[in-house]
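Take a look at the structure set out below.
Any read-out appearing in this document is the output of simple, stated calculations on the displayed coordinates, not a laboratory observation. Small disclaimer: the values here were computed from a predicted structure and weren't measured. Here the Cβ positions follow ideal geometry from the backbone for every residue, glycine too, while neighbour counts run over all protein chains shown.
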Amino acid sequence: MRTQDTDRNQPDAEPPRFDYRMLLSVLPLIAFWIGYQYHTYAAIGLGFVATIAAYFLSNRKGIVGVLAIFGLVVATGAALAGLILADERAFLARDAASDFLIALIALGSIAFRRPLVGIVLREFAPHNMKLLPLQHRAFVLSTLVLVLVNVIQGIVRTWMLFGGLSVGQYLIFSRLFGWPTALAMFVVIAWILRRALEQARRDSGSNP
């Protein structure tokens, strides 16, 4: 009994710190913009080189690393299409393609009873997230939120890119839309998981 009480009274593990390597996703955007001032090939070339650099400097472990590989494959295909067509929009279409790909992977993870959000968070916060089984409805619901947001982002970005905006306008407005939308998604997912964790702790505390 003393051991159980001691375990329950132990403070939670230190929450995961913000990984500044996430900011590396901005590098391809900056490189593309610089190259765009000179030539289509320069924009695509610099953007792709920056994408490769961001990949090797980023976190390539676990499921996050697998998703990064998928992103690199999409970027490679988009770069080849852009160079062949001499069209920077073909390269920028990788944004929407990545959105739809993540949504598809997330749906597949639910079908295989391994919700993507649960897998990712168990890598970043294993102490807390293991209070919930991987098939917990909070992970499923959070993954569905991820799917919905990525599908919406993919549709909107496709419309922005091919619906009349200039390349410069797309670079600005797609981010002004995408970043707040992603932030709202994280807030909703955090709220869902917080409620689930609180309930799990109450249930654990009520057990003898």
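What the table below lists for this structure:
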read-out: Degrees separating the helix 40-57 axis from the principal Cα axis of the chain, which is the longest one; value: 20 degrees
read-out: Degrees separating the helix 137-162 axis from the principal Cα axis of the chain, which is the longest one; value: 10 degrees
read-out: Rounded to 10°, Cα long-axis angle of helix 27-36 versus longest principal axis of the chain; value: 10 degrees
read-out: Projected label distance in nm at Leu80 and Ile152, using a 7 Å step from Cα toward the beta-carbon; value: 3.4 nm
read-out: Separation in nanometres of the label points that stand 7 Å from Cα toward Cβ, at Tyr41 and Asp87; value: 1.9 nm
read-out: Relative exposure of Thr40, Thr51, judged by other C-beta atoms within 10 Å (fewest first); value: Thr40, Thr51
read-out: Summed residue charge, Cβ within 15 Å of Gly178's Cβ, Lys/Arg positive, Asp/Glu negative; value: +1
read-out: Neighbourhood charge, 13 Å Cβ-Cβ cut-off, centred on Leu134 and excluding it, Lys, Arg +1 and Asp, Glu -1; value: +4
read-out: Reference-scaled alpha-carbon Rg (2.2 N^0.38 Å with N residues) for segment 150-208; value: 1.84
read-out: Peptide ranges 185-198, 141-154 listed from the most packed, as the mean C-beta count within 10 angstrom indicates; value: 141-154, 185-198
read-out: Given charges at beta-carbon only (K, R positive; D, E negative), |dipole| of the chain in Debye; value: 460 debye
read-out: Which of Ile52, Ala138, Leu80, positive extreme of dipole for the chain (C-beta unit charges); value: Ala138
read-out: FRET efficiency, Phe162 to Val49 (Cβ-Cβ, R0 41 Å, nearest 0.05); value: 0.95
read-out: Peptide ranges 41-47, 60-66 listed from the most packed, as the mean C-beta count within 10 angstrom indicates; value: 41-47, 60-66
read-out: Longest to shortest principal axis, alpha-carbon extents of the chain, angstrom; value: 71, 30, 28
read-out: Contour excess over end-to-end distance, with Cα ends at Ile69 and Leu134 and 0.36 nm allotted per residue; value: 21.0 nm
read-out: For peptides 82-91, 116-125, sequence by mean Cβ density within 10 Å, most packed first; value: 116-125, 82-91
